[in-house]
Each structure stands twice: as C-alpha cells, then as structure tokens.
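Computed from the coordinates by the stated procedures, all read-outs in this text should not be read as laboratory data. Source: prediction; values computed, not measured. Every residue, glycine among them, receives a Cβ derived from its backbone with ideal geometry; neighbour counts consider all protein chains shown.
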C-alpha cells in the first residue's frame, strides 16, 4: 500500500486520463465493430507448456481500513487492556467525578504494572456508589444480532471495600438494555472471569456497560467480548462472514501482514512478528501506521492489538487451503514517510527475524521457535515455502539490504523462495533500476504494484507479453483500477474499474509462465472507518459484501484451470482488438476448456471460435458479469447488483458461436 499514491492519483489521473480518454475514444471509433460483424478467432488445443500455478490467484491482507481490529478479528471491545497511548480511549464514564465528594459516583485511574510486563497497564476503578458506570464504545459501535450469544472475559482483582458484583450489559445508543449478565469478583489476587450474554435485539452500534454493586476499589484488565459464532467456532477467533468471503475466493496464497504495515513510519513502529505470537495478553499493542496518515480521515483510535498475529495468519492460510506468504521488514521504514534506515552493521537482528520465522513455521520441537509453535497448539510444521523481504522499498538502500537477506536465507534454507520488490510504481527509473539489480542477483520473484486508471489497465493487458522468460517470475502483488471523478468510498468499486481489471487479468493469465502470483489490494474496509478505497470487500458491524471487483476476482480464481492454451485473431492474442480481451485454459481435473472473454465496448459482439486440430462437440455454458452502466457498484442495500448469470451454448460444426454482451466479462466452459 502506498502513502502518497492516493494523493497523486487525484492529480495524475486528472492529467493523464484526459489524454487516455481521447486515445480510448479514438480507438473505440476505429476498432469497435458493430453487432453484425462476426469476429473469427482461432483456438489452438496443442500444449503451450505454460502451467497455471496453484498460487496464481491469492489474497493480500493488510490491517488498513480497520480490517483486523474492528474487522476480521472478532473482538468487540476497543482498547480492552488500556494500552492505547491515551489509556481511556474507547471508554466512557458518564457519571465519573474525581474532584467532588459525590457519594454515588466513581472514577477510573490507569495504573502501571510493577516490573516488566508486556501488558503495561490495568484500570483501577474506584466505586463510590451505584450510579458509576464504565462503557466501551466498540469499533464504531458493536454489531450484535438477535438471539446470538456473546462471550465476555475479564481479569479482576479486588483491592479494597466490599464490591460484590459486576453487572455487564449490552446497551443501545439510547441506553436500552439488549442483554445482560454478571460476575462475582472473589479474590484480592488477579483472576480471569467468564460470562455470556444473549442479545435480545439486532443492533449495529451497541456498547458494553459495566456497573458495580458495593463500594471500594477493584482492578480490571483484558475486558473482552467475542461472538460465540466465530469462524470454525474458535474461541476469541475471527469474524465468520468475512473469512467466508475469503474462502469463497479459493485463494492460492495469503500474503500478510502488509503492505506499509510491515515498514512502519519509523523502524521502531515497524511490524515485528515475534511480538505477535505467544499468549494474547502478552502481545504488545502498537499504534496502527494508518491512524493519522490521511488528515482528512483522521482515526487516532486505530491500533493493533495483534489478536491476529503470525500464528493466526498461518492458521488462516491452512483453513483456506492457501500458501502462506509473510512479508518482513528489510530495515527500511516507509520511504514515503521517514525512510529511516537501519545501518548495514546493525542489520543482523532483522535478518535473524527472517531466519527465526522460517524456524517458527517449519522447525520441529527441538528448535526454539518450533517449540513455541507447538506450545501454541500446532505441533505439525506449517510448511512455509515463500518469504517476502521488504514491501515497496526502492533504490540502492533496498538492494544492498536485500542482498544480505538473500544470502543468509539461501545459506540456511536453500529451498525457501524469496519474494523481492520493484518499488511502488510500475515503471520509471527506480523500477528499472530495481529490476536490473534483481535480475543480476538471479532473484526468484519480483513484486510489482500498480494503482492506476481503468484506461491504464486496458492499455496494459499485453504488459507481460514481452517480459524475459528466463528472468525472475512476477508477483502482481497489489493492483486495483481507480476510476476518476468518483466519490471516495464504495462507489469507487464500480463496473468500469472491475471490467478493466478483468481485461488486464486475461493478460496475466496468458502470461502465467511469467506471472505466478497475483492479488488485488486492499482486501477489505470498514464503511465507517476506512482510509483507502477502492477495496475488494466492504463491511459494517453486521454485514459484508463482495464488490463487483470481488466478483471478477472470484470468477478467475475459482476457474483457474491448469494449462494455458492459445486463442488468437490472425495469429495475435486478444488484447483490445474490437475491444475484446481473452484468455483460455484447460483444466485437466475437470476435463474442460475455460475461456475468460471481456467485451469492453458498448456494442454486442458476435464471435466464432474455431479449434485447430480437433473438433468440439456437445454443449457448454456461458456465465456473464455485465452492466450497461459503468458506474454500477454493489452495496449493502443491493450486494448482488452484478452477479454471474449463466446460459447454455451449443457447439455447431465443431465451432463455438457466442454473442458477447456490451461491457461484459464472460466465462465459457466446455467439456473436452
């Protein structure tokens, strides 16, 4: 993810896309055929030798847009352990009074633990009377559903007085009670307590309220609330509907934890995987680097609790049947922020973090980090195959540091595939320099990123046709079409962008001998707390939906196939002739031919596909994503404005005859 891209896109798209529009309009007038013309295409069924890798279509997760805390991580209490820089953030005391002698009030004082605790603070609550209340506002509220159960846990220690009960309620914004329970604090030593609430009503912006019976002082920490119904029923686990949307994509890999999250604004605030494993209460809370990145989207309450840490990411990739692809800091903070460098002589701890991560993932119980993984509940190795070094770093400072990582990892783990990066832009001097240096080092995979206009994606569908087949493979690690002059937010996920991405993806698929991993970015966003758009999935506290871009990704990822075949017009691949883009694969498992065909024009197109060397027979199907309005987008009220519609097609005289609707992505499947 790029710090400045969002800003410069607004300028760059305005300037560059004006000329793009002129070019596109001219091209449209000259190449867009009318509906009466029949376009003859040739299908070569012979083996091209190009295989679709199982990792071809994956997902990239970054904790931006409240995607982890407040999103995928199902914890509903914000600042549960009072570790934010402002310890009371997220908590309200409507009847608090620390300066008067009001005998029916109370107050909270954040306290430091004595000694060296990763969890630095707890709350000392002084209760003077029954009107004192402690309320947590959640992540833009708490989404609760009627009749659903919610599990509360907290740590408590009685200090003085006679506090006999802690009443716990779910309330709405008008203070109506929507569910309640209680716990009985017993000891003057720390103890963990559990209770369960059942919601009597569905509410998107509920809050958690604590009141006390008796008077005195009581210490509280790790006040936590989770829905009982989490992904795979895991306690304190992940939000079920969001993981289901990821699972439905059938991803080949999961890239995590970012993104610029990896780099940090400063090296001190970079993502350090070792601080995200072990007991959850011992994971050190960190300011999220996106909390005040964009001043017009100020979210100072955005922190990382690391309830989703590296163990949970590895667990998630197993659930999804995907390969894990962790990305680690290379010793350079975000170059759009401070660009802070660790000196070369001090780089060893960063390199050791990479080596230790591989041990954590793959080591047996005789190793330090393999033992920790076992103690966390996973004795079997995770079988890590890939590791990424750096996110969007560039220039000599990146290359010289990357070399050190490359040599150290290959010396100890020669089979690990290392992902390097070409920087934040898809072209330019730094891009060319990075590629030149990485080629000389025989780098295995180079990560390319592009956030561009829909016109750019259409014009670059043939980007990889001329890439060196003997050079490094490509990871299209972050990409999304950014439509111009569209309201910031979900409306940016419109059909114009999604259709252009589909056209571009046919080019990725045709060049699967070069491009071996691809992922849209960012993955998801909370509608009430996002920093960046467009995004693949939008959610609120109760619901989530896949955008039209999601539907495009799903069509490709669930119909990836195994072998690339050739489809051409007059010997040339379909990269915009007649405003058509196409790729075709064979799936040896289902014994099918699978075509992805985009008609980006405004006219119907009639095509005939003639196979070489073999005749096809029988029937097939055509499934279509289509809209006459390029500004159409799915939303919470209508999450399926654009979804696949399937019809049967017949094969006549061994040829495939299809009518392509305007502005459509078409999936054609034929049994061989």
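Among 589, 378, the ranking by other beta carbons within 10 Å of each residue's beta carbon, starting with the fewest, stands as 589, 378.
Note on 296, 604: ascending count of other Cβ atoms within 10 Å places them as 296, 604, the fewest first.
Answer rounded, prolate or oblate for the stretch 345-429, using the Cα gyration tensor with square roots of eigenvalues a ≥ b ≥ c: rounded when a/c is under 1.5, else prolate when a/b is larger than b/c, else oblate. Because a/c hits 1.5 or more and a/b exceeds b/c, the stretch 345-429 counts as prolate. For the stretch 573-670, the mean projected area of the C-alpha convex hull, equal to one quarter of the hull surface, is 7.4 nm².
FRET efficiency for the residue 37 to residue 629 pair, using the beta carbon distance and R₀ = 22 Å, is estimated at 0.35. Counting only DSSP beta bridges with both residues in the stretch 91-227, the antiparallel share comes to about 95 percent. Could you work out how far helix 429-440 tilts from the main Cα principal axis of the chain, as a 0 to 90 degree angle to the nearest 10? Its long axis makes an angle of about 80 degrees.
Dividing the alpha-carbon radius of gyration of the stretch 388-533 by the rule-of-thumb value 2.2 N^0.38 Å gives 1.13. Here the stretch 59-78 is scanned for amide nitrogen atoms under 13 Å from the site 7 Å beyond the Cα of residue 234 along Cα-to-Cβ, giving 72-75. The length gained on full extension between residue 653 and residue 671, counted as 0.36 nm times the residue separation minus their Cα-Cα distance, comes to 4.9 nm. Spin-label model, residue 570 to residue 177: label points 7 Å out along the Cα-to-beta-carbon direction sit 7.9 nm apart. Taking a point 7 Å out from the Cα of residue 353 in the direction of its Cβ, the residues of the stretch 306-339 whose backbone N falls within less than 19 Å of it are 306-314, 325-339.
Projected onto its three principal axes, the C-alpha set of the stretch 91-227 covers 40, 35, 26 Å, listed from the longest axis down.
Counting only DSSP beta bridges with both residues in the chain, what percent are antiparallel, rounded to the nearest 5? Before the final figure, lay out the partial values.
Numbers: 104 of 144 bridges.
The answer is about 70 percent antiparallel.
Each residue, residue 244 and residue 187, gets one label point 7 Å from its Cα in the Cβ direction; the gap between the two is 4.0 nm. Run the simple label-point estimate for residue 590 and residue 643 please: 7 Å along Cα→C-beta, distance reported in nm. For the pair residue 590/residue 643, the computed spacing is 1.8 nm. The gain in end-to-end length when the residue 367 to residue 440 segment is fully stretched comes to 22.8 nm, 0.36 nm per residue minus the alpha carbon separation. Sorted largest first, the spans of the alpha carbon positions of the chain along the three principal axes are 89, 57, 48 Å.
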